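Trainee: Structure incoming, see below.
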Amino acid sequence: MTTPILQATGLVKRYGRVTALAGSDLELLPGEILAVIGDNGAGKSSLIKALSGAVIPDEGEVLLDGSPVSFSTPLDARKAGIETVHQSLAVSPSLDIAANLFLGRELRRKGVLGSVFRMLDRNGMRDEARRQLDALGIMTIQNPGQAVETLSGGQRQAVAVARAAAFGSRVVIMDEPTAALGVRESRAVLDLILQVRDRGLPVILISHNMPHVFEVADRIHIQRLGRRKAVVDPKSISMSDAVAIMTGAMEPPG
Amino acid sequence: MTVVVEERDRSVLTRVQHLLHAQATIGPAVVLLTSVIVFALLSERFLTPGNISLILQQVAVVGTLAVGQTIVILTAGIDLSCGAIMVLTSIVMAKVASETGLPGLPALLLGFLVGTVCGLLNGMLVTRLKLPPFIVTLGTLNVFFALNLWYSGSATIRGTDMPSLLLFTGQTFTVGGTRITYGSIMLVLLVAAMAFVLKNTAWGRHVYSTGDDLEASRLSGIRTARVLLSVYATAGLIYAVAAWTLIGRIASASPQAGQTDNLDSITAVVIGGTSLFGGRGAVVGSLIGALIVGVFRNGLALAGVDVLWQTMAVGVLIIVAVSLDQWIRKVKA
Ligand SMILES: Nc1ncnc2c1ncn2[C@@H]1O[C@H](COP(=O)(O)OP(=O)(O)OP(=O)(O)O)[C@@H](O)[C@H]1O
Ligand SMILES: [Mg+2]
């Protein structure tokens, strides 16, 4: 059996009296798209936050390529090559698109201007941002110098998605990346997810949109009441059965 | 007909809103220019070299504090302790030098160190104990002020007992009949340096981003606690520079100096177009804000207006500036 690239065992996360994760497992295999589905409050976001260093689990273990890791900040996870699109998007409204794409990993100018005066390579980042966004084809922006707060919800989402896709080197995690998108834009994000997978990067996709999930996922992780209820193959289960397991109306087969 | 006119009005207004949104400093700059013109028309003494020199001297101390205050407010914080840090460091510099005979430069550097440590303490309380900056700095304001009274024994240290370096900021040179203090030159250099850093370095971007949305910045991989710590510590260092300017300005070190300078620095920052909600503003605006307050007070005084109306005018300016900020923040795509 292949070692999962990213694995979680027995994750527990409590918020006061609310238990968001009650011993949840997860396995992400190399090169796959793993969809995570579940009702509102099932603990999907909490699960991926624990994987991306955004929260520190109370119990349980995270393994990257088979060896235990403990991310105490999102930066740690990012340094390990895990890029995440959070449900809250995590963009900085008053900064422009290019600044948001490069937030926390800014490019500096060559030579003394960069090394001594720490000057940012503003033009370099703008050009690169435009190139990335064009290549992803998920949005047409006229001006990468436009402040993110003047963008529509869908455009902001595109910026967050583009950032993760452009910089992920081991794993890309997307928490409801199409929630605010129109039909055409959702299509582009789905194509992007497939494109990322074809680049050899595994993707965790959280979504409430069953047709999307069944179209792109290699395996489906069903989260229920803070635990992994089942992992199913989209080719051998119907959409309605998956939803029935998700809502507790049906027990998983086997 | 009327409908058409109204629509045009609105589009002009929206355009102004967008302009101010993109360039927060334009509003304050226009106010400053207008008030200079109006006061120059009201009194021929206003634009005389002697009067300009007076305004610059009056603005130097609060303006310097406002540079530190700006970076704190950009992170959605506030620093009520800035004046207390300034006075404490001015007393430390002056007293150590006058009592132990420590030369000017080490005394100055010691003051810078004390200012930085005070700022760092604020930063630790904000990031470690996760207390609101308002409460933290309200507390440390009293702590630093008490330390200042204790260390100084409530006594003023005369300029004649100090090394001349500490008084350097009060010395002047003359340009076209206007006497300019080195303290105001230092302020301009400080503003230029801070503006450069905020605009052109990753640290500057992280300051804006942290103030804009703390959690989003953290999730984007910014070490927000470290950013906040560095901001409060840098602000403390800048307040120590203000202490140097203060000593030069009053040619002494007084434990009772600058009692309202903390609020005055906040006033300068707010009138300068920096948002109290964080993430938006510029340090040049704060310099302009300090100048606006200086020009208003001075111009109204020259026009023979009672001090109480000067204070009223500053109050109205604050309310107008904050309302404007609220309006600008509502800008839509
Ligand atoms: N920061 C928090 N503080 C308190 N409770 C929280 C916090 N984050 C999550 N929870 C709780 O944990 C549970 C799981 O939340 P989570 O966000 O992981 O669900 P989800 O599966 O992502 O839901 P959705 O589909 O609505 O996004 C919920 O009951 C939620 O109220
Ligand atoms: Mg969620």
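What follows draws every value from the coordinates through simple rules; no lab data is involved. Given the structure is predicted, the values throughout are model-derived calculations rather than measurements. Note: ideal-geometry Cβ built from the backbone for every residue, glycine included; neighbour counts use all protein chains shown.
Trainee: Over all distinct alpha-carbon pairs, what is the Kirkwood Rh of the stretch B:66-200 in angstrom? It would help to have the intermediate numbers written out before the result.
Mentor: Details: mean 1/r = 0.0606 Å⁻¹.
Taking every pair of different Cα atoms in the stretch B:66-200, averaging 1/r and inverting gives 16.5 Å.
Trainee: Can you say what percent of the DSSP beta bridges in the protein assembly as shown, counting only those with both residues inside, are antiparallel? Round to 5. Could you put the intermediate results ahead of the total?
Mentor: Details: 29 of 45 bridges.
Rounded to the nearest five, the antiparallel share is 65 percent.
Trainee: Another question about this same structure. Please give the peptides B:51-62, B:237-248, A:156-167, B:103-114 ranked by average Cβ packing (other Cβ atoms within 10 Å per residue), highest first, as a rough proxy for protection. Don't jump to the answer; show the numbers that get you there.
Mentor: Working: B:51-62: 21.9, B:237-248: 29.2, A:156-167: 23.6, B:103-114: 18.2.
Ranking, from highest mean packing down: B:237-248, A:156-167, B:51-62, B:103-114.
Trainee: A follow-up question, please. What is the Cα centroid distance between the stretch B:174-200 and the stretch B:11-49, reported in whole angstrom?
Mentor: 21 Å
Trainee: Also, I was wondering about something else. How far is the Cα center of the stretch A:189-239 from the Cα center of the stretch B:291-325, in Å?
Mentor: First find each Cα centre; the distance between them is then 62 Å.
Trainee: Post the alpha-carbon centroid distance, the stretch A:48-77 to the stretch B:227-277, in whole angstrom.
Mentor: After rounding, the separation between the Cα centres reads 42 Å.
Trainee: Average the reciprocal distances over every distinct pair of alpha-carbons in the protein assembly as shown, invert the result, and give the Kirkwood radius in Å. Don't skip to the end; give the middle numbers.
Mentor: Numbers: mean 1/r = 0.0373 Å⁻¹.
Across the protein assembly as shown, the inverse of the average 1/r is 26.8 Å.
Trainee: Follow-up. Please compute P(r) over all alpha-carbon pairs of the stretch A:6-247, binned at 10 Å starting from zero, and give each bin as a whole-number percent.
Mentor: Going from the shortest bin to the longest, the percentages are 8, 31, 35, 20, 6, 1, 0.
Trainee: Towards the positive end of the charge dipole of chain B, with charges on Cβ (+1 Lys, Arg; -1 Asp, Glu), say which of B:Thr260, B:Ile247, B:Gly68 has the farthest Cα.
Mentor: B:Gly68
Trainee: Still on this structure, I have one more. Under 20 Å between alpha carbons, and skipping anything fewer than 8 positions from B:Lys199 in its own chain: which lysines qualify?
Mentor: A:Lys110
Trainee: Averaged over A:101-108, how many beta carbons belonging to a partner chain fall within 10 Å of each residue's beta carbon? Mind dumping the intermediate values first?
Mentor: Values: counts 0, 3, 10, 11, 4, 6, 1, 3.
Mean shielding by partner chains, rounded to a whole number: 5.
Trainee: How are the Cα pair distances of chain B distributed, in percent, across 20 Å bins from 0?
Mentor: 31, 56, 12, 1, 0
Trainee: Add -39500 (n - 2.57) for each DSSP H run of 4 or more in chain A, then divide by its residues: what number comes out at 222 nm, to the nearest 500 deg cm²/dmol? Intermediate values should be presented prior to the final figure.
Mentor: Numbers: 9 runs with 85 residues, N = 254.
Mean residue ellipticity at 222 nm (helix-derived): -9500 deg cm²/dmol.
Trainee: If you don't mind, another one. Please rank B:Val322, B:Val316, fewest neighbouring Cβ atoms within 10 Å first, as an exposure proxy. Let's see the in-between values first.
Mentor: Details: B:Val322 14, B:Val316 11.
If I rank by nearby Cβ atoms, fewest first, I get B:Val316, B:Val322.
Trainee: Can you sort A:Lys79, B:Lys199 by how many other beta carbons sit within 10 Å, fewest first? List each step's numbers first, then the result.
Mentor: Working: A:Lys79 13, B:Lys199 16.
Fewest-to-most ranking of A:Lys79, B:Lys199: A:Lys79, B:Lys199.
Trainee: Still on this structure, I have one more. Hey, what do the phi angles of the stretch B:204-211 turn into as Karplus ³J(HN,Hα) couplings, whole Hz, using 6.51/-1.76/1.60 and θ = phi - 60°, x for Gly and Pro?
Mentor: x, 4, 5, 4, 4, 5, 4, x
Trainee: May I pose another question? In what order do A:Met239, A:Met125, B:Met93 fall by count of nearby beta-carbon atoms within 10 Å, going from fewest to most? Before the final figure, lay out each step's value.
Mentor: Numbers: A:Met239 12, A:Met125 21, B:Met93 31.
So the residues, fewest neighbours to most, are A:Met239, A:Met125, B:Met93.
Trainee: Lys/Arg Cβ at +1, Asp/Glu Cβ at -1, dipole of chain A taken about the Cα centre: which of A:Ala129, A:Gly254, A:Gln155 is farthest positive-ward?
Mentor: A:Ala129
Trainee: Quick one: putting +1 on the C-beta of Lys and Arg, -1 on the C-beta of Asp and Glu, what dipole do you get for the protein assembly as shown around its Cα centre, in Debye to the nearest 20? Write down the numbers at each step before the final one.
Mentor: Values: 49 positive and 41 negative charges, 135 e Å.
The calculated dipole for the protein assembly as shown is roughly 640 debye.
Trainee: Then there's this: Just the number, please: percent antiparallel of the DSSP beta bridges in the stretch A:6-247, rounded to the nearest 5.
Mentor: Working: 23 of 39 bridges.
In the stretch A:6-247, approximately 60 percent of DSSP beta bridges are antiparallel ones.
Trainee: If you take each beta carbon of peptide B:278-287 and count the beta carbons of other chains within 10 angstrom, what is the mean? Don't skip to the answer; put the middle values down first.
Mentor: Working: counts 1, 5, 4, 1, 0, 0, 0, 0, 0, 0.
The shielding value for this peptide is 1.
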